[in-house]
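Bear in mind these aren't lab numbers, they're just calculated from the coordinates by the rules spelled out. In this text the structure is predicted, and so the values were computed from the model without any measurement. Cβ atoms come from the backbone with ideal geometry, glycine included; neighbour counts cover every protein chain shown.
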Amino acid sequence: MKILILHGWGGSDYPHWQAHLAMEAAKRYGTVSFPLIQHPHFPSLGRWRREVLGHLTDFRPDTVVCHSLANTLWLHLAAGELEPVKRLYMVAPPSLNTVIEGLDDFYPTPLPEHLYAQETHLIVSDNDPHITLPEATELAKHFDAPLTILEDAGHINTASGYGKWEWIENKILGDKRHV
């Protein structure tokens, strides 16, 4: 398994669940790439697009795990053409019409026909300040993807208590007993 983990605005360094996922994948002898996309606190759609396309071409992952703004980036990438991946995990995607100063070139976000993934999994919280449940439900329906709704998980990040997150590790990496 080759996993590419893409962080959102500001990065996902330790103790964020994505950092734990990267460590756990390495401990289980998985191949993982968890790049710091340049200027995570001052993202640029053009720069992020070029950088992630480079990682996709060079690393050739079979699984991509996006958090927050990385989901928005993936939607922009999927509006073009991509090499398909086996699995795409979209965790805490923001609304397609988010308005945040400094992120103007990411929004509004296109809604592509395909995500270039054989399987897509959407994971959201019922109280995420960046997307409503009806929006998340529509997104899942549009892509015919299963939707997992977490209770009181905020933006599913360190601030909402998501450091080590065994559920996502087991979902992506499989049960530890089978490694």
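Could you estimate the translational diffusion coefficient of the chain from the Stokes-Einstein equation, with Rh from the Kirkwood formula over C-alpha pairs, at 10 °C and 1.306 mPa s, in whole µm²/s?
Taking Rh from Cα pairs, D becomes 98 µm²/s.
With a Förster radius of 22 Å, plug the Cβ-Cβ distance of Asp105 and Met1 into 1/(1 + (r/R0)^6) and report the FRET value to the nearest 0.05.
For R0 = 22 Å, the calculated efficiency reads 0.10.
What list do you get for Thr148, Thr120 if you sort them by fewest beta carbons within 10 Å?
Ranking Thr148, Thr120 by Cβ neighbours within 10 Å, fewest first, gives Thr148, Thr120.
Counting other beta carbons within 10 Å of each Cβ, put Val99, Val85 in order, fewest first.
Val99, Val85
Under a GNM of the chain (C-alpha, springs under 10 Å), which listed residue has the highest mean-square fluctuation: Ser160, Ser125, Ser44?
Evaluated over the chain, the most mobile residue of the options is Ser160.
Just want the ordering: His55, His114, His155, from fewest to most Cβ atoms lying within 10 Å of their own Cβ.
Listing His55, His114, His155 from fewest to most nearby Cβ atoms yields His114, His55, His155.
Report the residues of the stretch 86-124 in range of a label on Ser160: point 7 Å along Cα→C-beta, backbone N strictly under 13 Å from it.
Inside the label zone: 91-95, 123-124.
Can you return the aspartates and glutamates within cross-link range of Lys141? Criterion is Cα-Cα under 19 Å, with same-chain partners fewer than 8 residues away left out.
Counting by Cα, and skipping residues close in sequence, Lys141 has these aspartates and glutamates nearby: Glu113, Glu119, Asp126, Asp128.
Find how much the distance from Ala26 to His55 grows on full extension, using 0.36 nm per residue of separation minus their present alpha carbon separation; answer in nm with one decimal.
Gain in length upon complete extension: 8.7 nm.
Considering the chain as a Gaussian network with a 10 Å cut-off on Cα pairs, which listed residue, Phe42, Phe106, Phe143, attains the greatest mean-square fluctuation?
Phe42
About its Cα centre, how strong a charge dipole does the stretch 2-174 have in debye, to the nearest 20, once Lys and Arg get +1 and Asp and Glu get -1 at the Cβ?
600
Just tell me which lysines come within less than 21 Å, Cα to Cα, of Lys27; anything on the same chain fewer than 8 places away is out.
Lys2, Lys164, Lys171, Lys176
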